[in-house]
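Since the structure comes first, as structure tokens, the remarks are kept for the end.
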2 protein chains.
Amino acid sequence: MKALQFHKSLSLIECPFPSRKQGEVLVQVHLAGICNTDLEILKGYMNFTGIPGHEFVGYIAESDNTALVGKRVTGEINIGCGECIACQNGLDRHCPNRDVLGIQNYNGAFAEFLIIPEKNLFFIPDSISDEEAVFIEPLAAACEILEQIQIQPQFHVAVFGDGKLGLLIAQVLQISGCKLTVIGRHPDKLNFVRRLGVDTLLESQISDQRFDVVVDATGSADGFHQALQCVKPRGIFVLKSTTQESIQFNPAKLVIDEIQLVGSRCGPFRPAIQLLVEKKVDVKPLISGIYPLNAWETAFQVAESRESLKILLSMKL
Amino acid sequence: MKALQFHKSLSLIECPFPSRKQGEVLVQVHLAGICNTDLEILKGYMNFTGIPGHEFVGYIAESDNTALVGKRVTGEINIGCGECIACQNGLDRHCPNRDVLGIQNYNGAFAEFLIIPEKNLFFIPDSISDEEAVFIEPLAAACEILEQIQIQPQFHVAVFGDGKLGLLIAQVLQISGCKLTVIGRHPDKLNFVRRLGVDTLLESQISDQRFDVVVDATGSADGFHQALQCVKPRGIFVLKSTTQESIQFNPAKLVIDEIQLVGSRCGPFRPAIQLLVEKKVDVKPLISGIYPLNAWETAFQVAESRESLKILLSMKL
């Protein structure tokens, strides 16, 4: 099969079909999304080598349970050991021995086929298209914020970052009924959420605005500093981006203003699927391009550019 | 009167008595404590100039209400404007226009007399000695942690830092009944809390211990990193130290492990006074020396040394 392999650099390779163990299924990947984490992996994040990619939709090709073959699925990317205290408490996402699909010690979705444990599967309702389904994983990450903090309707909330994750988060937070502002650098990307009734601001327009809750989805050190600056005393600062880059900062601001910083990573798939079924979020406008696997070089170039949002790789084209 | 003034460097000066405005009282200071924040101020923290010192006990010398004269007091150090939304919600400590006694725009307690608004006063019950009363402010800062997070008895909690603040925090947290470990560099300081039944560890003995809650009271960048490393996934990291120094760190650890970082500064005086009245904390063993104001140079030298804990300045000696 064809796959993109990262080993110091990314290349398209021809490799044997992966072989599944008991409890695992073989999935024929149809679409896979390129996430900022993938771009960070190409810079050395997590020291990953192998096949990256963790946002996908595909069809089960082989399974212990033959009744599953042909089902359309996506999957939770954290693969817990199943035995530790975290796993036994349902916290597989924080299992200290976990593998993570396409991110840590486990081949991912930028390939014609992938292996994933059956317990990680989520079946996709017919009303969700492939192009929407590939957003379930990042949408779950956006939903995680609502699992972690309670957003009151009277809260002034800011999302920093008008990238693909920022715009998903904005849509999810808007459902909470809070007073939402998205702050970014790209008028055209901000337009997308403005059409949904969300306030927007260009980063250059910020002066003394302060918010009860600020979500940093900028993926940059500059963004971190600017977002933190806008948190009210006793406010909440949700950190969404993982980057390879370190930042230099003085934590005194967090202490003096008694800010609560909440690190937020992967989220629950079920509410994400539900949001898509109920058409409460609109993900298709976030697709900037769909490229065949063969055109991966262009796909990654476009994904790296500031103008684009979500880039998908199609294994069917 | 005599006072210590910081203006690029610290010096003992003779200056006029401060004059009080309506609503303010004149306090004759008896004892004042040297806090790490004071030591940071000498390095440039907060760009403060004037008379530092914010931990004190003294007697009211002048007041609008003459019945108050002679009363023994300490005081909340944050002086809110009284008019903004924060102040109107009882959050004077986070008033954006606040002055802070001996820290921000307002002369403090390293002097024979100080001025403070009457509304900031706390009267000291007879059962609390002067030497104990001077700990009310830092003890309140320790109590703040229990206002911000709920510590369950089954929680494994670590306090990093065996300095004066760390040892106060340890005593306060021990009351919550959690499984407490204090981690530090000084066997003799750790001995103090070990005698109270708290587990202790030398920093060099840490290996793979992980805690539900970690409090960083080290006041150093090294301490921050080491303390953060010991927070369990989904755990709570309470940040207590304010320093002049910036730190270099990659926030990915906070995101990946979904850690909640809680900045924690000043706290409520009433519970602190209550703890002293009920003899639930033991602060006197934390006093490493009491020096007359004239001997301020020695006092600050000793306060800077790693061996000492709390150094007090006495205006009566």
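Here are a few things to note about the model shown:
- B:GLY235 long-range amide H proximity, modeled H, under 5 Å: B:GLN260
- Each of B:PHE237, B:LEU196, B:PHE211 was scored by the projection of its Cα onto the charge dipole of the stretch B:142-263, and the greatest displacement toward the positive side belongs to B:LEU196; charges sit on the C-beta of Lys, Arg, Asp and Glu.
- Sequence of A:ARG72, B:ARG20 when ordered by accessible area, the most exposed leading, probe 1.4 angstrom: B:ARG20, A:ARG72
- Taking the DSSP beta bridges with both ends in the protein assembly as shown, the antiparallel portion is around 55 percent.
- Charge dipole of chain A about the Cα centre (unit charges at C-beta), most positive-ward option of A:SER288, A:VAL302, A:VAL255: A:VAL255
- Chain B against chain A buries an accessible area of about 3000 Å², both chains summed, 1.4 Å probe radius.
- Computed accessible area, B:TRP296, all protein chains, 1.4 angstrom probe, square angstrom: 30
- The convex hull of the Cα atoms of the stretch A:199-311, projected and averaged over all directions, covers 9.6 nm².
- Considering only A:GLY33, B:ILE13, A:ILE85, and ranking their Cα positions along the charge dipole of the protein assembly as shown that arises from unit charges at the beta-carbon of Lys, Arg, Asp and Glu, the one farthest toward the positive end is A:ILE85.
- Listed values for the stretch A:109-116 are Karplus-derived 3J(HN,Hα) couplings in whole Hz (6.51 cos²θ - 1.76 cosθ + 1.60, θ = phi - 60°), namely 9, 7, 7, 5, 9, 9, 10, 8, and x replaces Gly and Pro.
- The phi torsions of the stretch B:44-58, fed into the Karplus equation with coefficients 6.51, -1.76 and 1.60 and a -60° offset, translate into couplings of x, 4, 6, 6, 6, 10, x, 8, x, x, 9, 9, 8, 9, x Hz, rounded to whole numbers, with Gly and Pro shown as x.
- DSSP H segments from chain B that extend 15 Å or more along their own axis, Cα-based, with Kyte-Doolittle mean of -1.0 or above: B:136-148, B:164-175
- Extension gain, A:SER129 back to A:CYS84 (0.36 nm per residue minus Cα-Cα distance, nm): 12.6 nm
- Taking every DSSP beta bridge that has both ends in chain B, the antiparallel portion is near 55%.
- Label points for B:ASP64 are taken 7 Å from Cα along Cα→Cβ. From this copy to the others they lie 7.8 nm apart, shortest first.
- Rounded percent of accessible protein surface that carbon and sulfur make up, the stretch B:142-263, 1.4 Å probe: 45
- Pairwise centroid distance, computed over Cα atoms, of the stretch B:258-309 with the stretch B:5-62, Å: 16
- For the rotational copy pair B/A, the chain B residue whose Cβ lies nearest the symmetry axis, together with its distance in Å, is B:LEU261, 2.
- Packing order of peptides A:121-130, A:184-193, highest average first: A:184-193, A:121-130 (average count of other Cβ atoms within 10 Å over each peptide's residues).
- Set A:LYS21/A:LYS316; A:LYS240/A:LYS310; B:LYS21/B:LYS119; B:LYS179/B:LYS232 screened for pairs whose C-alpha atoms are more than 20 Å apart: A:LYS21/A:LYS316
- Percentage relative contact order, chain B, counting C-alpha pairs under 8 Å, at least six apart: 18
- 5 angstrom amide H check on B:HIS30, placed H, neighbours 5+ away: B:VAL57, B:GLY58, B:TYR59
- Legend: residues A:SER264, A:SER246, B:SER19, A:SER207, sorted from most to least accessible area (1.4 Å probe; ligands, DNA and RNA excluded), read B:SER19, A:SER207, A:SER246, A:SER264.
- For the stretch A:142-263, the per residue solvent-accessible surface stands at 37 Å², with DNA, RNA and ligands left out and a 1.4 Å probe.
- Summary for B:ASN97: label point 7 Å along Cα→Cβ; distances to the equivalent points in the other copies, ascending, 6.0 nm.
- Residues with amide H under 5 Å from that of B:SER220, placed H, sequence gap 5 or more: none
- Copy-to-copy label separations for A:GLY197, where each label sits 7 Å from Cα toward Cβ, in nm and ascending: 5.7
- The helix-based estimate of mean residue ellipticity at 222 nm for chain A, built from -39,500 (n - 2.57) per DSSP H run of four or more residues and divided by its residue count, is -6500 deg cm²/dmol to the nearest 500.
- To the nearest 10, the accessible area of B:THR74 is 0 Å² with a 1.4 Å probe.
- Positive minus negative residues near B:LEU165 (Lys, Arg vs Asp, Glu; Cβ under 13 Å): -2
- Calculated FRET value between A:LEU12 and A:GLN244, using beta carbons and R₀ = 22 Å, to 0.05: 0.40
- Rounded to the nearest 20, the Cβ-based charge dipole of the protein assembly as shown about its Cα centre (Lys and Arg +1, Asp and Glu -1) stands at 260 debye.
- Each Lys and Arg contributes +1 and each Asp and Glu -1, all at the Cβ; summed about the Cα centre of chain A, the dipole is approximately 320 debye.
- Computed from phi, the 3J(HN,Hα) profile of the stretch B:230-235 under the Karplus parametrisation 6.51, -1.76, 1.60 (θ = phi - 60°) reads 9, 8, 4, x, 6, x Hz, with x in place of Gly and Pro.
The values are calculated or read from the model by the stated rules, or taken from the named source; none is laboratory data. This is a predicted model, so every value here is computed, not measured. When we count neighbours, we look across all protein chains shown, and the Cβ atoms used for this are built from the backbone with ideal geometry, even at glycine. Protein only, heavy atoms only, side chains kept; ligands, DNA and RNA dropped before computing areas. Shrake-Rupley method; radii C 1.70, N 1.55, O 1.52, S 1.80 Å.
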